[in-house]
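What follows is one structure encoded as structure tokens, with my remarks underneath.
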Amino acid sequence: MNNQEWTQEGQKYVMNTYGRLPLAIVRGKGAVVWDADGKEYLDFVAGIAVNNLGHCHPKVVQAVKDQAETLLHCSNLYWIEPQIKLAKMLVNNSCFDKVFFCNSGGEANEGAIKLARKYAKKHMGTDKYEIITMKQSFHGRTLATLTATGQEKYHQGYEPLPAGFSYSPFNDLEALKKNIGPHTCAVLLEPVQGEGGVVPGQDDFIKGVRKLCDENKLLFIVDEVQCGLGRSGKLFAYEHYDIEPDIMTLAKALGGGAPIGALLAKEEVAGAFQPGDHAATFGGNPLVTAAGVATLTVMLEEDLAQNAHMAGEYFICKLEALKKKYPFIKEIRGKGLMIGVECEKEVAGIINDCLAKGLLILSAGPKVLRFLPPLNITFSQIDQAMEILESALAN
Ligand SMILES: *Cc1c(COP(=O)(O)O)cnc(C)c1O
């Protein structure tokens, strides 16, 4: 079947929740994918920051094959070998002590909200439950995480929303100070905002949040579902700021394409969960955690965070040159290979033009182009993408 036939079939049978482009991606290798018509694309979307190793990395494919032949699922009634291995790797490479596995970013944040509330009830008082999140943030689509998301468009139609959230402008420490109230128990933020327009947290802001949380005995939760796992140029984005959060959530890139989420916490905080307090049937199942172990191993062995840092600098340099030529480019921002280009006009046309010319990119809001290539992208692939982008901008 070709793109058009898949599009028709999809429209007939699949719920209409995504604004999809009229093509089916059927195969991928490294930074390249192919559609159902056989057309090739350079992939600077990477499954929205999922395929950080590129598509079908041979070590991840082998791990999934081996695990599929050994044990697909057994439940968390028992210890699961690759789950323990992945938890150990995450602990040994972060400031956290304990890991809970789930299936997505939204579910990881849902777990973080529950953990913060449970911890607060035990250690702060029964009237502590409110979580302050940032405007323009994105934390997921479950009822609690869409409420945590500081963007009205995600709330509309789902009222009544769960209570216990308030919103503060990102990168504004004074406003956050004023927002802390008698019920506040935690601050939740993305160190680099993704969906909200690719906005990095400023150094003094993130450090200031840590200090405010210490002074007011609040938990500091970072959502690294998009910016974590090498994407920002460090393994975890909080490392840019020389601070240690109390809780962190991960998902997207953790399984190299396999659906997995994780909630990490400091020992004392993690202790607020006792058997029976939180669970997920598929959470940390053998298949996805085997994929996770392979993914994280490659990420560390090949130091992809460092590559993201260097490739990101090269990429931004190239974009700055374009900014000089095209005055409708307002701002270029990001960290590592999480890059946003804010324009004065809507960017849907540019994205479609790139698609037609064989480059996949995405947006972050109507006026921001977003680039999330695999972390092992080469300079020559960046050059190739820039050529296509420039011809789309010139149109
Ligand atoms: C994608 C994303 C989520 C939601 O993850 P899902 O796996 O879609 O539930 C949460 N937070 C951030 C920062 C994200 O980018």
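Please treat every number below as a calculation from the coordinates, not as lab data. Everything numeric in this text was worked out from a predicted model, so none of it was measured. Methodologically, a virtual Cβ is constructed for each residue, glycine included, from the backbone with ideal geometry; neighbour enumeration extends over all protein chains shown.
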| task | Starting from the Cα gyration tensor of region 189-286, take the square roots of the eigenvalues, sort them a ≥ b ≥ c, and report rounded, prolate or oblate (rounded when a/c is under 1.5, otherwise prolate if a/b is larger than b/c, else oblate). | result | oblate
| message | Need the full-extension length gain, Glu215 to Asp37, defined as separation in residues times 0.36 nm minus the C-alpha distance. One decimal, nm. | response | 58.2 nm
| said: Connecting C-alpha atoms closer than 10 Å in a GNM of the chain, tell me which of Leu21, Leu254, Leu372 has the biggest fluctuation. | reply: Leu21
| query | What FRET efficiency, computed as 1/(1 + (r/R0)^6) with R0 = 45 Å and r the Cβ-Cβ distance, is obtained for Gln4 and Thr70, rounded to the nearest 0.05? | reply | 0.65
| message | Please arrange Thr295, Thr184, Thr17 by how many other C-beta atoms lie within 10 Å of their C-beta, fewest to most. | response | Thr17, Thr184, Thr295
| request: Return the subset of Lys29/Lys345; Lys118/Lys178; Lys153/Lys345 for which the Cα-Cα distance in this structure is over 22 Å, preserving the input order. | output: Lys29/Lys345; Lys118/Lys178
| task | Could I have the simple spin-label model distance between Glu239 and Thr297, label points 7 Å from Cα toward Cβ, reported in nm to one decimal? | result | 2.0
| message | Using only DSSP helix segments of four residues or longer, with each worth -39500 (n - 2.57), what per-residue ellipticity at 222 nm results for the chain after dividing by its residue count and rounding to 500? | response | -12000 deg cm²/dmol
| Is the shape of region 333-395 best called rounded, prolate or oblate, per the rule: a/c under 1.5 gives rounded, else a/b larger than b/c gives prolate, else oblate, with a ≥ b ≥ c the square roots of the Cα gyration tensor eigenvalues? | oblate
| request: Beta carbons within 10 angstrom, averaged per residue: use that to sort the peptides 384-393, 229-238, highest first. | output: 229-238, 384-393
| remark: With Cα springs under 10 Å, the Gaussian network model of the chain assigns the largest mean-square fluctuation among Cys343, Cys74, Cys56 to Cys74
| task | Multiply the residue gap between His155 and Lys178 by 0.36 nm, knock off their C-alpha separation, and tell me the result in nm, one decimal place. | result | 5.9 nm
| field | Antiparallel %, DSSP beta bridges [both residues in the chain], to 5 | value | 60
| task | Can you give me the P(r) profile for region 58-215? Cα pairs, bins 10 angstrom wide beginning at 0, each as a whole percent. | result | 9, 30, 33, 18, 8, 0
| Per residue convex hull volume, Cα atoms of the chain, in Å³ | 147
| Which residues in region 230-258 place their backbone N less than 17 Å from a point set 7 Å from the Cα of Cys56 along the Cα-to-Cβ direction? | 256-258
| note | So, with points 7 Å from each Cα along the Cβ direction, the Asp277-Glu331 label distance in nm works out to 3.9
| request: Report the calculated FRET efficiency for Glu387 and Asn352 (r = Cβ-Cβ distance, R0 = 25 Å), to the nearest 0.05. | output: 0.90
| query | So if we plug the beta-carbon distance of Asp204 and Ala163 into 1/(1 + (r/R0)^6) with R0 = 41 Å, what FRET efficiency do we get, rounded to 0.05? | reply | 0.85
